[in-house]
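Notes follow the structure.
The values are calculated or read from the model by the stated rules, or taken from the named source; none is laboratory data. Note that the structure is a prediction, hence the values are computed from the model and not measured. Glycine gets a Cβ as well: all are built from the backbone with ideal geometry, and neighbour counts include every protein chain shown.
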Protein chains: 2
Amino acid sequence: MPAEKQPIPSVWARPRPKREQPSLSRDRIVSEAIKLLDAEGIDALSMRSLGARLSAGATSLYRHVANKDELIELVVDEIYGEVRVPAADPARWRAAVTETAHSLRSMVLRHPWVVSVLGQVGLAYLGPNLMRQSERMLALFKAAGFAVDEADQVMNLLIAYVIGMTTSEAAYLSVLARSGQNEQDWLESLRPTAEQALQEYPLLRDGRAAEQTKDPGQIRAESFVYGVERILDGLETRLGRTSAR
Amino acid sequence: MPAEKQPIPSVWARPRPKREQPSLSRDRIVSEAIKLLDAEGIDALSMRSLGARLSAGATSLYRHVANKDELIELVVDEIYGEVRVPAADPARWRAAVTETAHSLRSMVLRHPWVVSVLGQVGLAYLGPNLMRQSERMLALFKAAGFAVDEADQVMNLLIAYVIGMTTSEAAYLSVLARSGQNEQDWLESLRPTAEQALQEYPLLRDGRAAEQTKDPGQIRAESFVYGVERILDGLETRLGRTSAR
DNA sequence: CGCACGCTGCGAACGTCGTACGCTACCATG
DNA sequence: CATGGTAGCGTACGACGTTCGCAGCGTGCG
């Protein structure tokens, strides 16, 4: 149906809402991708859906990002920037490391989808945020008394633990979120299977039984700090040994 | 070109290579999937390619496996069975834990693709191999003197560390493998970028410089055992404190 | 002995994905 | 005004996971 020949001046009075500034940009894409991932998880991130959120075509994104893998690298480095690493201070290095561990953990829990792309992002080695944070963490351990080479190993230890521990938490949360609205039902549905299987394994059964009374989230948090404490203990005895030598 | 009308008795002498036994089975599918994954990595695993390897149609697999996610769960639990956990023995618990850690690490390095599915396998909670191995590990820590509840936390700590640490190793290896035949070229290609970026970060730079002289694989292995040692130190001081109390 | 049923495998098809390619409209520069 | 570079987009291709209905085969019942 052709429109009538009347001019529509209210629209044509402003003939250029067109190219005020390049409406798409790498930053806008990355930050919108993070919003989408936080809201709907990893499966919901496709170039088309992301483009739609930016009211753009899917393929327009390729002007700013080489491909989806690169986008994910950018996204991962971006959220890595959210981690808060305190300034180095020999007097309270143990507290500072603990704070860092918690900050890293809560970052991952804020963005649980990262754990499903960890293996694919071989690099991000060069991400600016990752480098900046690593530098700060190394400073932490240097202040504690470790030599530079050893500080590197200690940092690897801490990050490996926190990532590994939080991965299992985040994976759990992801499955809960993906399994739909009511987690409770789903958990209950596979409880009989689990309980039957546990019969054969007394230690496993007793451990789970002890946990039964508490809040799952609480348990995970306690287990997390327990591990951090043990690691810090190990580091302190190491420091004691080397300085006594 | 139609074949000549000659009978080919050597073939038709055995007119029933047809349904000897159900040529497809869950076990065959899982083990072939592992072979495919080991050989060509995670991206090469599709229902079609896996079906082809079993000289079957892609959709035939769905008779034995609900969907690809379930297949991956099965595969992950299967390789978890390769881990060797020594029998519990109070006299040498530290050695036993170390052996377990190494066995877990080498399992992941044998199957580097697991790290790219870790986040997606929320469950496998119920996999029989995972349960069996967990039980054995708990026994290890119980023998060391930990109460059952605490043994659970200790196990989580160790597994988290090993998985986290090995994830970064495996991701590195995966990228190398995926980037094609000559790792060296690819590494060299991004070295200038890396070195320029490192200028801003003295600690990071010094650490990498110290590593420059050694073999990368060697470094990772040393870093791994360093972490295990620190964790074991931490566990021992914990045991000392609780038994002294 | 015959026949109906259940199970295994498969071909075709659907919807979705990442992304290569070439076109248009705009802007900045000569 | 001509020119070239750049941002955005429509179309299209090949691969993917998965659904569905059909075809063979073996088994057990009448």
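Computed quantities for the displayed model
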quantity	calculated
Residue ID - surrounded by the most Cβ atoms within 10 Å (Cβ to Cβ), chosen from residues in the range B:206-224 that are modelled with pLDDT of 90 or more and facing another protein chain (nearest Cβ under 10 Å)	B:PHE224
Residues within the range B:37-67 that are of a type in the set (Asp, Glu), away from DNA strand C (no atom under 15 Å from the Cβ) and within 14 Å of chain A (Cβ to nearest Cβ), tallied	0
Matching residues, the range B:208-235, being within 18 Å of B:GLN153 (Cα to Cα) and in contact with a Phe, Trp or Tyr (Cβ under 9 Å, 6 or more places away or on another chain)	B:GLY227, B:VAL228, B:ILE231, B:LEU235
Helices (runs of 4 or more DSSP H) lying entirely in the range B:1-116 (those with 3 or more residues that are surrounded by 12 or more Cβ atoms within 10 Å (Cβ to Cβ) and at pLDDT 95 or above)	B:26-40, B:47-53, B:68-80, B:93-110
In the range A:68-105, residue nearest to A:THR237 (Cα to Cα) [restricted to those that are more than 14 Å from chain B (Cβ to nearest Cβ) and within 16 Å of DNA strand D (Cβ to nearest atom)]	A:LEU74
Odd one out for A:TYR172 among (1) at pLDDT below 90; (2) more than 8 Å from chain B (Cβ to nearest Cβ)	(2)
Hey, B:GLU70 closer than 26 Å to B:LEU176 by Cβ, more than 11 Å from DNA strand C (Cβ to nearest atom) and not assigned by TED's automatic domain parsing to the domain that holds B:VAL108 or not	no
Failed item in (1) within 25 Å of B:TRP113 (Cα to Cα); (2) facing another protein chain (nearest Cβ under 7 Å), with A:ALA139 passing the rest	(1)
